[in-house]
1. Going Cα to Cα from LYS151, which lysines come in below 21 Å? Please leave out same-chain ones fewer than 8 positions away.
2. Can you list the residues, at least 5 places off or on another chain, whose amide H is less than 5 Å from the amide H of ARG58, using H built in the peptide plane?
3. Got the relative contact order for the range 43-128 handy, in percent, Cα pairs under 8 Å and 6 or more residues apart?
4. Just the number, please: Stokes-Einstein D of the range 43-111 in µm²/s, Kirkwood Rh from C-alpha pairs, 37 °C, 0.692 mPa s.
5. Which cross-chain or sequence-distant (5 or more) residues have an amide H under 5 Å from the amide H of TRP42, H modelled 1.01 Å from N in plane?
6. Which lysines does LYS165 reach when only Cα atoms under 21 Å apart count, and residues fewer than 8 places away in its own chain are ignored?
7. So between GLU60 and ARG118, what do we pick up on full extension, going 0.36 nm a residue minus the alpha carbon distance?
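Nothing in this text is a laboratory measurement; each read-out follows from the coordinates by a stated rule. All figures in this text were calculated on a predicted structure; none of them were measured in a lab.
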Amino acid sequence: MAVLAFWQERPACAEEPRGTEPALPLVDYNACPFEGCTFREWKVTKASTMYSSWQQERKELRKLQLGDTVTGLTGVHITFRPDRILVKQAMADLGLQPGDVILRYMYLGEGFANVWFRGAWHKEFDCTFITEKNGGGCLRDCSAVVTEEGKKEWWVKIKTSTGQKAGSWSTKTSRGWTFWRTWCGAPSRECRKPP
């Protein structure tokens with residue numbers, strides 16, 4: 001069973017020189033991108049697939065069955081295309097003017113995300129001023145709006161009860177995670193720690 005080097009300790013996110021829009025895809029290692037995210041033991045609530053890697057040349061290893069127990073070990077978040085957010089009202093405290101664009105990469109939960117604007121990264125940034133494409137999300141000021149949703153994936157390295165290690169995946173399609181296909185193979189709120 002090959003476990004690839006991508007699971008080794010790496011920096012949280014590759015930093016780009018100031019002023020240079022981050023190269024894509026952008027990979028965040030050791031990622032757990034939502035509020036309350038914890039890697040631990042889980043009970044599989046829906047059949048799902050284990051893969052050899054998160055990378056394109058991955059191979060299907062086996063199917064996980066309802067009731068299997070797995071342990072989430074770490075994760076990797078890939079941004080193929082960030083969300084594009086248009087500033088509608090001046091935000092003097094951020095130096096943003098109407099027409100400026102904010103790029104949102106990894107959502108972290110509770111309205112926070114890693115974003116890039118004005119030539120610099122802003123990690124764990126409070127994005128509660130952003131209105132999502134569906135009209136939701138904004139909790140204050142509502143001075144920016146998502147004009148284009150990005151393409152992102154979150155892969156999780158898991159270990160089965162027999163010790164096999166591999167990855168499983170999920171994708172983000174709008175604010176918050178709408179399709180969970182992590183080690184549970186179902187929406188995360190349906191995953192539960194085994195008794």
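1. Reachable lysines: LYS123, LYS133, LYS172.
2. none
3. Numbers: 129 pairs, mean separation 14.2, N = 86.
Relative contact order comes out at 16 percent.
4. Numbers: Rh = 16.1 Å.
Calculated translational D: 204 µm²/s.
5. Those qualifying (amide H under 5 Å, at least 5 residues apart or on another chain) are VAL70, THR71, GLY72.
6. LYS43, LYS46, LYS59, LYS63, LYS157, LYS193
7. Numbers: separation 58, 0.36 × 58 = 20.88 nm, distance 4.14 nm.
Contour length minus the Cα-Cα distance gives 16.7 nm.
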